[in-house]
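Step one of this worksheet: look at the structure below.
The numbers here are math on the coordinates, done by the rules we state, and not lab data. The model shown is predicted, which means the values in this text are computed figures rather than measured ones. Cβ sites come from the backbone with ideal geometry, for glycine too, and all protein chains shown count toward neighbours.
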Amino acid sequence: MMSLTELDDDTVRSMSIGALFSDFVGKINSLDFHRTDDLLVTASEDDSVRLYDIANAKLLKTTYHKKHGADRICFTHHPSSVICSSRHNLDSTGESLRYLSMYDNRCLRYFKGHKERVVSLCMSPINDSFMSGSLDHSVRIWDLRVNSCQGILRLRGRPTVAYDQQGLVFAVAMEGGAIKLFDSRSYDKGPFDTFFVGGDTAEVCDIKFSNDGKSMLLTTTNNNIYVLDAYGGEKRCGFSLEPSPSTTIEATFTPDGQYVVSGSGDGTLHAWSISMRHEVACWNSNIGVTSCLKWAPRRAMFVAASTVLTFWIPNASKSTADPGNTDPEAGPQSEHISQ
């Protein structure tokens with residue numbers, strides 16, 4: 001598989017499905033890449049957690065979690081351990097989060113505290129801290145080595161959380177399109193900055209920082225996507241996609257921070273150049289509405305998932321395709337949100 005080099009429009013436009021896994025029973029709820037190893041983990045409605053070798057497009061291991069289910073998932077720093085949130089029995093067990101070893105299918109630790117489903121989960125890139133945002137209107141900060149919560153932020157609305165790539169700052173989105181930035185070493189002092197996505201009061205369902213820390217990517221529940229300046233909060237560009245009432249979509253930066261790729265409510269996938277503010281490609285994914293989508297940290301590839309998991313890689317023979325639409329059957333073009 002091609003390693004990540006400087007991406008350009010032609011390479012992005014040439015992306016096509018290189019591998020497909022369709023043995024899931026139900027929707028894939030979330031997925032995550034390991035930061036340094038060629039590994040991908042998925043959590044699905046069929047209560048499965050699956051580990052993949054992305055360099056060889058190979059399923060390595062499947063574990064089932066019938067008691068708790070598998071909802072949000074992220075890697076820890078160790079390549080065979082993950083944090084997974086629960087879908088079942090939250091009322092009776094209170095075990096909203098588990099620290100799992102994929103190596104021997106053991107639960108290393110339970111984390112109790114959230115009263116409702118966890119909808120956002122992320123691991124610090126620099127230490128054993130991680131954060132979870134729940135429909136109980138709280139963000140909790142944890143340490144892998146300790147059962148008890150290390151800090152709680154109470155807020156309004158559906159919380160969404162993300163660390164920047166240096167682990168020094170984290171962002172929390174809340175009701176009314178407000179994005180609050182905290183110093184991860186002194187979050188108890190409150191946010192040091194607050195941004196508002198002007199005119200859009202839809203809840204933010206996903207936040208990502210670019211690798212260089214200069215940009216933030218927001219996806220809202222009404223399928224609008226915004227790229228903000230991470231220092232001042234100014235909107236660099238925005239895109240409006242087809243609605244998907246029962247499914248939230250996910251967008252992703254490319255590792256160089258120059259492109260955004262996203263699903264859409266009509267089942268298509270889209271890629272845009274941030275600097276040029278134009279659409280580079282539109283693909284018919286043929287897998288339904290993509291609810292999970294992430295670009296690999298060190299590879300020229302991204303993965304997209306609905307009830308099917310697809311690996312997308314460059315296809316040299318397609319690099320001269322029409323930039324407006326790389327599939328003649330693809331749906332309508334996305335709408336650009338004016339600045």
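Per-residue extension of 0.36 nm, minus the Cα-Cα distance of E234 and R106, leaves a gain of 41.6 nm for this segment.
Model label points for K67 and E116, set 7 angstrom from Cα along the Cα-to-Cβ axis, are 2.6 nm apart.
Modelled spin labels at D143 and S22, positioned 7 Å past Cα toward Cβ, are 4.9 nm from each other. Potential lengthening of the chain between D212 and D266 amounts to 16.3 nm, from the contour at 0.36 nm per residue minus the alpha-carbon distance. Across segment 137-228, C-alpha contacts under 8 Å between residues 6 or more apart give a mean separation that, scaled by the residue count, equals a relative contact order of 21 percent. On a 23 Å Cα-Cα criterion, which of the cross-link pairs K27/K61; K27/K58; K112/K208; K27/K67 come out too long? Pairs exceeding the cut-off: K112/K208. Count Lys and Arg as plus one, Asp and Glu as minus one, and take only other residues whose Cβ is under 12 Å from that of A57; the net charge is then 0.
Within the shell of other residues whose beta carbon sits under 14 angstrom from the beta carbon of E116, the net charge comes to +4, with Lys and Arg scored +1 and Asp and Glu -1.
Report the calculated FRET efficiency for D37 and D193 (r = Cβ-Cβ distance, R0 = 30 Å), to the nearest 0.05.
With R0 = 30 Å, the Cβ-Cβ based efficiency is 0.35.
From the square roots a ≥ b ≥ c of the eigenvalues of the alpha-carbon gyration tensor of segment 53-204, which class results: rounded (a/c under 1.5), prolate (a/b over b/c), or oblate? Judged from the Cα gyration tensor, segment 53-204 comes out prolate (a/c at least 1.5, a/b above b/c). Measuring nothing but how far apart in sequence close Cα pairs (under 8 Å, 6+ apart) lie, relative to its length, the chain scores a relative contact order of 16 percent.
Per DSSP H run of at least 4 residues, take -39500 (n - 2.57); add these up for the chain, divide by its residues and hand me the 222 nm value, nearest 500 deg cm²/dmol. Let's see the in-between values first.
Values: 2 runs with 9 residues, N = 339.
Per the formula, -500 deg cm²/dmol.
Shape class of segment 179-271 from the Cα gyration tensor (axes a ≥ b ≥ c, square roots of the eigenvalues): prolate, since a/c reaches 1.5 or more and a/b is larger than b/c. Sites listed here are GluC sites (Glu not before Pro) in segment 5-110 whose DSSP assignment is loop and whose Cβ has at most 13 other Cβ atoms within 10 Å: E6. Just checking my list [x] 59, 47, 41; [y] 54, 43, 35; [z] 61, 51, 37 against Cα extents along the principal axes in Å computed from this structure; which label fits? Among [x] 59, 47, 41; [y] 54, 43, 35; [z] 61, 51, 37, the one derived from this structure is [y]. Longest stretch of the chain clear of exposed loop sites (chymotrypsin sites (Phe, Trp or Tyr not before Pro), DSSP loop, at most 13 other Cβ atoms within 10 Å, sites excluded): 232-339. At an R0 of 41 angstrom, the distance between the Cβ atoms of S186 and L60 translates into a FRET efficiency of 0.55.
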